[in-house]
1. Please count how many residues of region 310-327 are crowded, with 21+ Cβ neighbours inside 10 Å and over 28 Å from residue 21 (Cβ atoms).
2. From the list 64, 59, 70, 153, pick out the single residue that is in contact with a strand residue (DSSP E or B) (Cβ under 9 Å, 6 or more places away or on another chain), more than 24 Å from residue 225 (Cα to Cα) and modelled with pLDDT of 95 or more.
3. Within region 369-376, is even one residue farther than 30 Å from residue 136 by Cβ and in contact (Cβ under 8 Å) with a residue 40 or more places away in the chain?
4. What's the total number of residues in region 329-352 that are surrounded by fewer than 24 Cβ atoms within 10 Å (Cβ to Cβ) and within 16 Å of the ligand (Cβ to nearest atom)?
5. Determine which single condition residue 379 fails, assuming it passes every other condition in (1) assigned by TED's automatic domain parsing to the domain that holds residue 237; (2) away from the ligand (no atom under 14 Å from the Cβ); (3) free of Cβ contacts under 8 Å to residues at least 12 places away in the same chain.
6. What tally of residues in region 20-50 results from selecting those that are part of a loop (DSSP other than H, G, I, E, B) and assigned by TED's automatic domain parsing to the domain that holds residue 182?
7. So which pairs qualify, if the first residue must be in region 145-169 and over 21 Å from residue 184 (Cβ atoms), the second must be assigned to a loop (DSSP other than H, G, I, E, B), the Cβ gap must be under 6 Å, and the two must be at least 6 apart or on different chains?
8. Condition first: within 13 Å of the ligand (Cβ to nearest atom) and either surrounded by fewer than 16 Cβ atoms within 10 Å (Cβ to Cβ) or at positive phi (or both). Now tell me which residues in region 230-254 satisfy that.
Ligand SMILES: CC(C)(COP(=O)(O)OP(=O)(O)OC[C@H]1O[C@@H](n2cnc3c(N)ncnc32)[C@H](O)[C@@H]1OP(=O)(O)O)[C@@H](O)C(=O)NCCC(=O)NCCS
């Protein structure tokens, strides 16, 4: 905050930086240790040894599933993957160049009244848990089939044997995904699933705190995630990497960008002033993928940008940076990167909405008024 604003308004923090806006048991960011834990479990362990399904269960139900619980959860997800035809009809009505974030936001709006618990009151906890599972099951189907629709292709039916990562990749490409592709997608979904009181999660909590419904909270979250300062950064980071193109161009590019005081997309974070723990693991996975695919140029460009950003600005890559080139190497179109974030983050948003509603209070901060006051109302003819 600038010195003048601090002096003038000691209780005001622009961007709500450092403001405590709630109590939560869902995740903890430890900036000094570069650590992120979901309900006490390190995301490294979840991404490396667990699965997105175990993570989603943990976030929603508050504990890791045992084998029987995981089997049951996966079965329910499989049975809930399909979406009503009305969703596809709405997606087909969108302009072909509509951003897939607009499509998924529309998809959830159309889906809401079809939920079997549509009539449940906002605070019905059991109904919200059932809705959350349906939302997690259907998000990937809507993103992938939405992508088919804009290409003029018909939606494909989900294969009940597929997990969330496989379902998305299968529907998007029409082909059975290979094991490495699924592993990378699954790890990225786990790492994107939850991240405390970030902008979209906070927006989702604000919406449900009015006793609106869970779907409205999800739609709010999607709208908030869309911007380049939040989820949209992975798309912008990839455009930047493609612009740089070759490792030989990277040093001059970053020197120029810093000289021109440009923001480097995929770098920096409000909460991490050291490394983003999610980026550490995903960088490893993305680089391994590059080696497997015989294309290490983005990993090499990344090394140069990271080194320069650290030594000159003490700013580190966030999760969106390695996610960008991992998705590119998986052959995913760039404008699907943020929608993939949605497939993962619906689990975190749902967990937060449920937590908010279990102990709800309307969220209603104040603003400092700096406008005019006590003006005399002039007749229309005198203005
Ligand atoms: C994420 C982000 C919005 C956090 O912002 P914030 O906490 O509000 O911090 P600020 O934007 O005020 O940045 C603080 C300082 O670091 C610099 N900085 C932060 N991120 C930077 C970046 N990616 N590239 C270059 N400089 C950056 C700012 O220019 C500013 O410098 P200054 O004090 O000399 O003006 C910001 O780092 C950013 O815009 N990053 C790029 C977008 C991105 O990757 N978003 C995804 C987040 S997961």
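The values are calculated or read from the model by the stated rules, or taken from the named source; none is laboratory data. Since the structure is predicted, the reported quantities are computational estimates derived from the model, not experimental observations. Neighbour counts run over all protein chains shown; Cβ positions are idealised from the backbone, glycine included.
1. Filtering region 310-327 down to residues crowded, with 21+ Cβ neighbours inside 10 Å leaves 317-327.
Narrowing further to those that are over 28 Å from residue 21 (Cβ atoms): 322, 324-327.
Of the residues in region 310-327, 5 are crowded, with 21+ Cβ neighbours inside 10 Å and over 28 Å from residue 21 (Cβ atoms).
2. Numbers: 59 fails: more than 24 Å from residue 225 (Cα to Cα); 70 fails: in contact with a strand residue (DSSP E or B) (Cβ under 9 Å, 6 or more places away or on another chain); 153 fails: in contact with a strand residue (DSSP E or B) (Cβ under 9 Å, 6 or more places away or on another chain).
Every option except 64 fails the conditions.
3. No, that holds for no residue.
4. The qualifying residues number 1.
5. Here residue 379 clears every test but (1).
6. 1
7. 145/155; 148/155; 150/96
8. 239
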